[in-house]
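The values are calculated or read from the model by the stated rules, or taken from the named source; none is laboratory data. Everything quoted here is computed from the prediction, not taken from an experiment. Cβ: placed from backbone, ideal geometry, glycine included. Neighbour counts: every protein chain shown.
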Amino acid sequence: MKRLVIKVGSHILTKDNILLEERIEDISQLIYQLREKGYEVILITSGAVAVGYSKIKLDMNSLENRQALSAIGQPFLMNIYQNEFSKYDIITSQFLLTETNFDLRSNTRYAKRVINTLLSKGVLPIINENDTTATKELVFGDNDSLSANVTYYFDCDMLVILSNNDGYYNSEGLFIKKVSTIEDNEIKNSLISFGGLSTKLESAKFLLDRGREMFLSNGYDLSDVREFLLNNNHQGGTLFSQ
């Protein structure tokens, strides 16, 4: 059985700081289809800040305010996911992690045991970063680095990033369908933005160096990721694999 991490970022789930619940409906249906196909799935999601902002308006330019909004929005976000997955009789569970959780081998081992137990019982783990105690991903990562750590340390075969890009375009603007190696200068030359391409390439390199795969695909239109994962048909998106 193949174990996947599906990561959906804030660009996909929100617009103008408003959560797009129809996107959660699409993601939930995809995960249901993957589970029916025999995949084990872990979901990593952003969106708590946007949900918090819909409840109380705070200045988003302040890091502390974004942390507060995340704390407000997280339980509402989980409730939305819980309601959506209940349509498919899928029980969800919440994990709030940070990169530091992977620094201590004992912490990683305990978390991995819980993940394994949940998956063995058919429960869907939903992971977000604990923004109230960690700031790196909130500032520029959009859970990309966290997703790579979860994929590797929780024995997942592949990280699937649903992005606002169709895949990976090199510095010359050419679409690359498959990437087997990533050099450091490629990351430096990539577009650096809030949760942009550079953090995704860093995640891909981290996983490639450790024998894992990553698939980068459009998160607005899920047809490419469906074809790739459900029908083994690589039409669109970029596969990072040795």
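Numerical summary
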quantity: Checking ILE90 against (1) of a type in the set (A, V, I, L, M, F, W, C); (2) at pLDDT 90 or above; (3) outside any loop (DSSP other than H, G, I, E, B), the condition it does not meet; calculated: (3)
quantity: Whichever residue in the range 196-206 is buried (at least 22 other Cβ atoms within 10 Å of the Cβ) and not charged (D, E, K, R) and, among such residues, is modelled with the lowest pLDDT; calculated: THR199
quantity: Residue check for ARG66: basic (Lys, Arg), within 29 Å of ASP157 (Cβ to Cβ) and assigned to a helix (DSSP H, G or I); calculated: no
quantity: Count of the range 94-112 residues which are at pLDDT below 85, of a type in the set (S, T, N, Q), crowded, with 16+ Cβ neighbours inside 10 Å and out of contact with any strand residue (DSSP E or B) (no Cβ under 9 Å at 6 or more places or on another chain); calculated: 1
quantity: Test: ASP16 is loosely packed, with under 14 Cβ neighbours inside 10 Å, more than 16 Å from ASN128 (Cα to Cα) and either modelled with pLDDT under 95 or in contact with a strand residue (DSSP E or B) (Cβ under 8 Å, 6 or more places away or on another chain) (or both); calculated: yes
quantity: Hits in the range 56-72 - residues which are among the hydroxyl-bearing types (Ser, Thr, Tyr) and either under 30 Å from MET1 (Cβ atoms) or crowded, with 22+ Cβ neighbours inside 10 Å (or both); calculated: SER70
quantity: Residue match in the range 167-179 (condition: touching an Asp or Glu at 6+ places or on another chain (Cβ under 6 Å), surrounded by 18 or more Cβ atoms within 10 Å (Cβ to Cβ) and either modelled with pLDDT of 95 or more or closer than 30 Å to GLU21 by Cα (or both)); calculated: no
quantity: Test result for GLN74, under 15 Å from ILE127 (Cβ atoms), out of contact with any Lys or Arg (no Cβ under 6 Å at 6 or more places or on another chain) and modelled with pLDDT of 90 or more; calculated: yes
quantity: Unique residue being closer than 19 Å to ASN130 by Cβ and either within 18 Å of the chain's Cα centre (by Cα) or of a type outside the set (Gly, Ala, Ser) (or both) when the list is ALA111, ALA71; calculated: ALA111
quantity: Single residue of the range 17-50 satisfying the filter (hydrophobic (A, V, I, L, M, F, W, C) and part of a strand (DSSP E or B)) that is nearest to the chain's Cα centre (by Cα); calculated: ILE44
quantity: Candidate set: the range 1-13, residues that are among the charged types (D, E, K, R) and part of a strand (DSSP E or B); chosen: the one surrounded by the most Cβ atoms within 10 Å (Cβ to Cβ); calculated: LYS7
quantity: Lone qualifier among TYR53, TYR88 - being more than 15 Å from the chain's Cα centre (by Cα), of a type in the set (Phe, Trp, Tyr) and surrounded by fewer than 19 Cβ atoms within 10 Å (Cβ to Cβ); calculated: TYR88
quantity: Criterion violated by GLY236 - all others in (1) touching a residue at least 40 places away in the same chain (Cβ under 8 Å); (2) surrounded by 20 or more Cβ atoms within 10 Å (Cβ to Cβ) satisfied; calculated: (2)
quantity: Members of the range 139-152 that are of a type in the set (Phe, Trp, Tyr) and either at pLDDT below 95 or not in a helix (DSSP H, G or I) (or both); calculated: PHE140
quantity: Test: residue in the range 119-138 that is in a helix (DSSP H, G or I) and closer than 20 Å to LEU34 by Cβ; calculated: yes
quantity: The one condition in (1) at pLDDT 95 or above; (2) more than 18 Å from LEU30 (Cβ to Cβ) that GLY237 fails to fulfil; calculated: (2)
